[in-house]
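Some notes on the structure that comes next.
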Amino acid sequence: MSSVSRREFMEWAGTTGAALALVESMPKSIALALEAAVKEFPLLWLQFSNCSGCSVSVINTVHPSIENVLLDQIIPGYQLVLRFQQTVMAASGELALEAVRDTHDRSKGRYVLIVEGAIPMKDQGAYGTLGEKAGRPVTQADHLRQLAPDAMAVLCLGTCASYGGIPAAAPNPTGCVGVKDFFAAAGIKTPLINIPGCPSHPDWFIGTVAHVLLLGLPKPQEVDAHGRMKLFYGTTVHRACTNRDYLDDGIMAKKDWFAGQIKAFFINLIETAKELDKHYIAPRYPNSYPEGAPMDFYTRAEAERAVDGAERVIEHCKSHLFR
Ligand code: SF4
(Lines give C-alpha, C1' and ligand atoms only; values in the text may rest on other atoms or scores of the structure.)
Protein backbone atom coordinates (compact mmCIF):
# COMPACT_ATOMS: atom_id res chain seq x y z
CA MET A 1 0.00 0.00 0.00
CA SER A 2 2.88 2.34 0.72
CA SER A 3 3.75 2.66 -2.98
CA VAL A 4 0.28 4.04 -3.81
CA SER A 5 -0.02 7.80 -3.66
CA ARG A 6 -2.82 9.37 -1.68
CA ARG A 7 -4.38 10.82 -4.83
CA GLU A 8 -4.37 7.40 -6.55
CA PHE A 9 -5.79 5.81 -3.46
CA MET A 10 -8.58 8.38 -3.17
CA GLU A 11 -9.53 7.89 -6.83
CA TRP A 12 -9.53 4.17 -6.35
CA ALA A 13 -11.49 4.33 -3.09
CA GLY A 14 -13.96 6.78 -4.63
CA THR A 15 -14.90 4.55 -7.56
CA THR A 16 -14.70 1.23 -5.75
CA GLY A 17 -16.31 2.60 -2.62
CA ALA A 18 -19.24 4.02 -4.57
CA ALA A 19 -19.84 0.64 -6.17
CA LEU A 20 -19.76 -1.05 -2.82
CA ALA A 21 -21.72 1.73 -1.08
CA LEU A 22 -18.77 2.32 1.25
CA VAL A 23 -18.24 6.00 0.67
CA GLU A 24 -20.44 7.24 3.49
CA SER A 25 -18.74 5.21 6.21
CA MET A 26 -15.23 4.26 5.25
CA PRO A 27 -14.33 1.02 7.06
CA LYS A 28 -11.50 1.16 9.55
CA SER A 29 -9.33 -1.10 7.38
CA ILE A 30 -9.53 1.38 4.49
CA ALA A 31 -8.86 4.33 6.78
CA LEU A 32 -5.78 2.54 8.10
CA ALA A 33 -4.62 1.74 4.58
CA LEU A 34 -5.04 5.40 3.69
CA GLU A 35 -2.97 6.41 6.68
CA ALA A 36 -0.25 4.00 5.62
CA ALA A 37 -0.14 5.61 2.16
CA VAL A 38 0.58 9.01 3.66
CA LYS A 39 4.19 9.79 4.46
CA GLU A 40 4.48 11.47 7.83
CA PHE A 41 7.13 14.00 8.75
CA PRO A 42 7.49 14.57 12.48
CA LEU A 43 8.45 18.09 13.47
CA LEU A 44 10.00 19.09 16.77
CA TRP A 45 9.85 22.84 17.27
CA LEU A 46 11.94 23.98 20.21
CA GLN A 47 11.91 27.54 21.47
CA PHE A 48 15.07 28.63 23.22
CA SER A 49 16.10 32.20 24.04
CA ASN A 50 13.47 34.03 22.00
CA CYS A 51 10.41 36.29 22.16
CA SER A 52 8.02 33.88 20.37
CA GLY A 53 7.57 36.48 17.62
CA CYS A 54 8.61 33.96 14.98
CA SER A 55 5.98 31.50 16.26
CA VAL A 56 3.35 34.22 16.01
CA SER A 57 4.51 35.11 12.52
CA VAL A 58 4.28 31.53 11.26
CA ILE A 59 0.93 30.97 12.96
CA ASN A 60 -0.34 33.99 11.00
CA THR A 61 0.48 32.42 7.66
CA VAL A 62 -2.40 33.02 5.22
CA HIS A 63 -1.82 30.81 2.18
CA PRO A 64 -1.79 28.08 3.33
CA SER A 65 -3.29 28.72 6.77
CA ILE A 66 -1.61 27.16 9.78
CA GLU A 67 -4.57 24.74 10.02
CA ASN A 68 -3.85 23.61 6.46
CA VAL A 69 -0.18 23.23 7.21
CA LEU A 70 -0.63 21.12 10.31
CA LEU A 71 -3.91 19.30 9.74
CA ASP A 72 -3.99 18.77 5.99
CA GLN A 73 -1.48 17.38 3.60
CA ILE A 74 0.11 20.54 2.20
CA ILE A 75 1.55 18.28 -0.47
CA PRO A 76 -0.64 15.27 -1.32
CA GLY A 77 0.76 12.25 0.44
CA TYR A 78 2.88 14.29 2.85
CA GLN A 79 1.62 15.07 6.32
CA LEU A 80 3.47 17.24 8.80
CA VAL A 81 3.07 16.07 12.37
CA LEU A 82 3.99 18.74 14.89
CA ARG A 83 5.00 16.72 17.94
CA PHE A 84 6.26 19.53 20.17
CA GLN A 85 5.88 23.31 20.27
CA GLN A 86 5.92 25.01 23.67
CA THR A 87 3.66 27.95 22.77
CA VAL A 88 0.75 26.17 21.11
CA MET A 89 0.69 22.64 22.53
CA ALA A 90 -1.93 21.72 25.11
CA ALA A 91 0.23 19.21 26.97
CA SER A 92 2.76 20.41 29.51
CA GLY A 93 5.41 19.06 31.86
CA GLU A 94 6.56 15.46 31.56
CA LEU A 95 3.78 14.57 29.11
CA ALA A 96 4.99 17.22 26.67
CA LEU A 97 8.66 16.28 26.99
CA GLU A 98 7.77 12.63 26.48
CA ALA A 99 6.72 13.60 22.94
CA VAL A 100 10.23 14.93 22.32
CA ARG A 101 11.93 11.80 23.65
CA ASP A 102 9.52 9.52 21.80
CA THR A 103 10.04 11.31 18.47
CA HIS A 104 13.80 11.25 18.94
CA ASP A 105 13.88 7.54 19.76
CA ARG A 106 11.39 6.33 17.13
CA SER A 107 12.08 8.65 14.20
CA LYS A 108 15.86 8.95 14.08
CA GLY A 109 16.98 10.53 10.83
CA ARG A 110 13.37 11.33 9.84
CA TYR A 111 12.30 14.24 12.00
CA VAL A 112 12.85 17.89 11.19
CA LEU A 113 14.08 19.99 14.11
CA ILE A 114 12.96 23.61 14.11
CA VAL A 115 14.89 25.90 16.42
CA GLU A 116 13.49 29.29 17.37
CA GLY A 117 15.75 31.48 19.47
CA ALA A 118 19.43 31.59 20.38
CA ILE A 119 21.15 29.18 22.75
CA PRO A 120 22.55 30.53 26.06
CA MET A 121 25.99 29.02 26.66
CA LYS A 122 27.41 30.98 29.60
CA ASP A 123 27.71 29.15 32.94
CA GLN A 124 27.04 25.75 31.37
CA GLY A 125 23.86 27.02 29.71
CA ALA A 126 22.22 27.77 33.06
CA TYR A 127 20.26 30.76 31.66
CA GLY A 128 18.02 28.69 29.42
CA THR A 129 16.48 25.41 30.56
CA LEU A 130 13.61 23.23 29.41
CA GLY A 131 12.18 20.54 31.69
CA GLU A 132 14.03 18.42 34.20
CA LYS A 133 15.83 15.12 34.40
CA ALA A 134 16.28 13.37 37.74
CA GLY A 135 15.13 16.56 39.43
CA ARG A 136 17.71 18.78 37.71
CA PRO A 137 16.95 21.35 34.99
CA VAL A 138 17.96 20.33 31.46
CA THR A 139 19.63 23.16 29.56
CA GLN A 140 18.49 24.19 26.11
CA ALA A 141 22.04 23.50 24.94
CA ASP A 142 21.74 19.90 26.17
CA HIS A 143 18.45 19.43 24.31
CA LEU A 144 20.05 20.68 21.10
CA ARG A 145 23.14 18.53 21.64
CA GLN A 146 20.93 15.46 21.92
CA LEU A 147 18.30 16.16 19.24
CA ALA A 148 20.27 17.83 16.43
CA PRO A 149 22.60 14.95 15.47
CA ASP A 150 19.65 12.60 14.78
CA ALA A 151 17.49 15.09 12.87
CA MET A 152 17.01 14.93 9.11
CA ALA A 153 17.59 18.67 9.03
CA VAL A 154 17.59 21.63 11.38
CA LEU A 155 15.67 24.74 10.37
CA CYS A 156 16.71 27.92 12.19
CA LEU A 157 13.59 30.03 12.39
CA GLY A 158 14.35 33.72 12.83
CA THR A 159 17.45 35.83 13.29
CA CYS A 160 17.99 34.69 16.89
CA ALA A 161 18.31 31.02 15.91
CA SER A 162 20.26 31.81 12.75
CA TYR A 163 22.83 34.26 14.09
CA GLY A 164 22.11 34.96 17.76
CA GLY A 165 19.92 38.03 17.16
CA ILE A 166 18.76 40.22 20.04
CA PRO A 167 19.62 37.73 22.84
CA ALA A 168 23.25 37.69 21.61
CA ALA A 169 23.51 41.47 21.32
CA ALA A 170 26.31 43.10 23.33
CA PRO A 171 26.98 42.72 26.16
CA ASN A 172 25.34 39.30 25.68
CA PRO A 173 25.13 38.49 29.40
CA THR A 174 23.95 34.89 28.83
CA GLY A 175 26.54 34.05 26.16
CA CYS A 176 23.92 33.34 23.50
CA VAL A 177 24.93 31.93 20.11
CA GLY A 178 23.09 30.99 16.93
CA VAL A 179 22.70 27.35 15.91
CA LYS A 180 25.48 27.47 13.30
CA ASP A 181 28.05 28.59 15.87
CA PHE A 182 26.67 26.03 18.31
CA PHE A 183 27.11 23.25 15.71
CA ALA A 184 30.66 24.40 14.96
CA ALA A 185 31.61 24.26 18.65
CA ALA A 186 29.87 20.90 19.23
CA GLY A 187 31.04 19.29 15.96
CA ILE A 188 27.46 18.60 14.80
CA LYS A 189 27.18 18.06 11.05
CA THR A 190 23.41 17.86 10.54
CA PRO A 191 22.25 19.92 7.51
CA LEU A 192 21.12 23.34 8.65
CA ILE A 193 19.04 25.94 6.85
CA ASN A 194 18.73 29.50 8.14
CA ILE A 195 15.39 31.27 7.75
CA PRO A 196 16.30 34.64 9.31
CA GLY A 197 14.09 37.68 9.82
CA CYS A 198 12.86 39.31 12.98
CA PRO A 199 10.39 37.77 12.83
CA SER A 200 10.93 35.29 10.04
CA HIS A 201 8.53 35.60 7.11
CA PRO A 202 5.93 32.80 7.30
CA ASP A 203 6.06 32.18 3.54
CA TRP A 204 9.81 31.64 3.63
CA PHE A 205 9.37 29.16 6.46
CA ILE A 206 6.50 27.21 4.84
CA GLY A 207 8.33 27.36 1.50
CA THR A 208 11.51 25.94 3.04
CA VAL A 209 9.60 23.11 4.73
CA ALA A 210 7.78 22.31 1.46
CA HIS A 211 11.08 22.34 -0.44
CA VAL A 212 12.67 19.90 2.00
CA LEU A 213 9.66 17.55 1.78
CA LEU A 214 9.22 17.73 -1.99
CA LEU A 215 12.75 18.12 -3.32
CA GLY A 216 14.92 17.17 -0.38
CA LEU A 217 17.62 19.30 1.19
CA PRO A 218 18.82 22.23 -0.89
CA LYS A 219 22.01 21.70 -2.89
CA PRO A 220 25.05 23.82 -1.90
CA GLN A 221 24.52 26.13 -4.91
CA GLU A 222 20.93 26.80 -3.75
CA VAL A 223 22.10 28.26 -0.43
CA ASP A 224 23.89 31.60 0.04
CA ALA A 225 26.88 32.45 2.22
CA HIS A 226 24.57 33.08 5.19
CA GLY A 227 22.97 29.62 5.05
CA ARG A 228 19.71 30.95 3.53
CA MET A 229 17.91 29.51 0.53
CA LYS A 230 18.49 31.77 -2.46
CA LEU A 231 14.98 30.94 -3.61
CA PHE A 232 13.63 33.11 -0.81
CA TYR A 233 16.54 35.41 0.01
CA GLY A 234 18.03 35.90 -3.45
CA THR A 235 16.44 39.27 -3.96
CA THR A 236 15.48 42.25 -1.82
CA VAL A 237 12.51 44.59 -1.53
CA HIS A 238 14.79 47.30 -2.91
CA ARG A 239 15.24 45.23 -6.09
CA ALA A 240 11.47 44.93 -6.51
CA CYS A 241 10.85 48.67 -6.03
CA THR A 242 8.82 50.09 -8.90
CA ASN A 243 11.26 53.03 -9.11
CA ARG A 244 14.36 50.86 -9.26
CA ASP A 245 14.58 50.91 -13.07
CA TYR A 246 15.00 54.70 -13.00
CA LEU A 247 17.94 54.36 -10.64
CA ASP A 248 19.55 51.59 -12.71
CA ASP A 249 19.14 53.65 -15.89
CA GLY A 250 20.50 56.77 -14.24
CA ILE A 251 17.25 58.65 -14.83
CA MET A 252 17.23 61.20 -12.06
CA ALA A 253 15.32 64.43 -11.52
CA LYS A 254 17.00 67.22 -13.49
CA LYS A 255 15.71 70.36 -11.85
CA ASP A 256 17.58 71.12 -8.66
CA TRP A 257 14.52 72.33 -6.81
CA PHE A 258 12.63 69.11 -7.67
CA ALA A 259 15.57 66.90 -6.74
CA GLY A 260 15.85 68.92 -3.54
CA GLN A 261 12.18 68.34 -2.74
CA ILE A 262 12.52 64.59 -3.23
CA LYS A 263 15.73 64.52 -1.22
CA ALA A 264 14.14 66.44 1.64
CA PHE A 265 11.14 64.12 1.57
CA PHE A 266 13.26 60.98 1.81
CA ILE A 267 15.62 62.41 4.40
CA ASN A 268 12.60 63.30 6.49
CA LEU A 269 11.18 59.80 6.07
CA ILE A 270 14.50 58.17 6.95
CA GLU A 271 14.85 60.38 10.02
CA THR A 272 11.35 59.31 11.08
CA ALA A 273 12.19 55.64 10.52
CA LYS A 274 15.40 56.01 12.56
CA GLU A 275 13.44 57.53 15.41
CA LEU A 276 10.91 54.67 15.25
CA ASP A 277 13.75 52.14 15.34
CA LYS A 278 14.65 53.45 18.78
CA HIS A 279 11.24 52.38 20.02
CA TYR A 280 11.60 48.86 18.65
CA ILE A 281 12.43 47.11 21.91
CA ALA A 282 10.68 49.10 24.62
CA PRO A 283 7.00 48.91 23.59
CA ARG A 284 7.45 45.30 22.54
CA TYR A 285 9.02 43.74 25.59
CA PRO A 286 7.34 44.32 28.97
CA ASN A 287 10.66 43.74 30.77
CA SER A 288 12.80 45.90 28.51
CA TYR A 289 13.59 48.34 31.33
CA PRO A 290 15.31 47.25 34.55
CA GLU A 291 12.19 48.22 36.46
CA GLY A 292 8.74 49.66 35.82
CA ALA A 293 6.66 49.25 32.68
CA PRO A 294 7.56 50.77 29.27
CA MET A 295 4.53 53.07 29.54
CA ASP A 296 6.15 54.73 32.58
CA PHE A 297 8.97 55.97 30.35
CA TYR A 298 6.93 57.58 27.56
CA THR A 299 5.14 60.91 27.52
CA ARG A 300 1.93 61.34 25.59
CA ALA A 301 3.69 63.73 23.16
CA GLU A 302 6.39 61.12 22.40
CA ALA A 303 3.81 58.40 21.85
CA GLU A 304 1.78 60.61 19.52
CA ARG A 305 4.85 61.61 17.52
CA ALA A 306 5.75 57.91 17.13
CA VAL A 307 2.25 57.00 15.94
CA ASP A 308 2.25 59.94 13.54
CA GLY A 309 5.65 58.90 12.15
CA ALA A 310 4.58 55.27 11.79
CA GLU A 311 1.49 56.34 9.86
CA ARG A 312 3.58 58.43 7.46
CA VAL A 313 5.96 55.54 6.80
CA ILE A 314 3.05 53.12 6.27
CA GLU A 315 1.32 55.55 3.89
CA HIS A 316 4.50 55.94 1.89
CA CYS A 317 4.98 52.16 1.64
CA LYS A 318 1.34 51.62 0.70
CA SER A 319 1.55 54.17 -2.07
CA HIS A 320 4.41 52.18 -3.58
CA LEU A 321 3.03 48.70 -2.98
CA PHE A 322 -0.49 49.11 -4.34
CA ARG A 323 -0.18 51.41 -7.28
S1 SF4 B 1 14.08 36.56 15.50
FE2 SF4 B 1 12.98 38.34 16.37
S3 SF4 B 1 10.82 37.71 16.37
FE4 SF4 B 1 12.05 35.82 16.12
S5 SF4 B 1 12.34 35.06 18.20
FE6 SF4 B 1 14.11 36.37 17.76
S7 SF4 B 1 13.53 38.42 18.58
FE8 SF4 B 1 11.65 37.20 18.40
For this session: Kindly indicate which of G93, G125 is modelled with pLDDT under 95, at positive phi and in the same structural domain as P202 (by TED's automatic domain parsing).
Result: G93
Exercise. Taking interchain pairs and intrachain pairs at least six residues apart, which have beta carbon atoms under 6 angstrom, with the first residue in segment 259-281 and over 13 Å from E311 (Cα atoms) and the second modelled with pLDDT of 75 or more and of a type in the set (A, V, I, L, M, F, W, C)?
Worked result: H279/A306
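How many residues are within 15 Å of the ligand (Cβ to nearest atom) and free of Cβ contacts under 8 Å to residues at least 24 places away in the same chain if we restrict to segment 160-171?
1
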For this session: Check segment 239-248 and report whether any residue there is under 24 Å from the mean Cα position of the chain (by Cα) and at negative phi.
Result: yes
Exercise. Under the condition of being in contact (Cβ under 8 Å) with a residue 60 or more places away in the chain and hydroxyl-bearing (S, T, Y), which residue from segment 196-251 is nearest to the ligand (Cβ to nearest atom)?
Worked result: S200
Exercise. Name the pairs whose Cβ atoms lie under 6 Å apart, with the first residue in segment 40-69 and in the same structural domain as L113 (by TED's automatic domain parsing) and away from the ligand (no atom under 12 Å from the Cβ), the second part of a helix (DSSP H, G or I) and of a type in the set (S, T, N, Q), and 6 or more positions between them or separate chains?
Worked result: P42/T103; L44/T103
For this session: Test L157 against the stated conditions and say whether it is within 10 Å of the ligand (Cβ to nearest atom), surrounded by 18 or more Cβ atoms within 10 Å (Cβ to Cβ), modelled with pLDDT of 95 or more and not polar (S, T, N, Q).
Result: yes
Seminar exercise, completed: Taking segment 118-154 and the residues there that are within 16 Å of the ligand (Cβ to nearest atom) and not aliphatic (A, V, I, L, M), the one that is farthest from F41 (Cα to Cα) would be Y127
For this session: Mind listing whichever residues of segment 106-151 are more than 19 Å from A96 (Cα to Cα) and either free of Cβ contacts under 8 Å to residues at least 12 places away in the same chain or exposed (fewer than 15 other Cβ atoms within 10 Å of the Cβ) (or both)?
Result: G109, R110, K122, D123, Q124, A126
Exercise. Out of all the residues in segment 85-112, which are more than 16 Å from the ligand (Cβ to nearest atom) and within 15 Å of the chain's Cα centre (by Cα)?
Worked result: V112
For this session: Name the residue, out of A118, A153, A170, that is within 23 Å of E222 (Cα to Cα), of a type in the set (A, V, I, L, M) and assigned by TED's automatic domain parsing to the domain that holds G53.
Result: A153
Exercise. Within segment 69-82, can one find any residue that is closer than 19 Å to P202 by Cβ, of a type in the set (V, I, T) and part of a helix (DSSP H, G or I)?
Worked result: yes
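The values are calculated or read from the model by the stated rules, or taken from the named source; none is laboratory data. All of these numbers come straight from a predicted model, not from anything done at the bench. Virtual Cβ from ideal backbone geometry, glycine too; neighbours counted across all protein chains shown.
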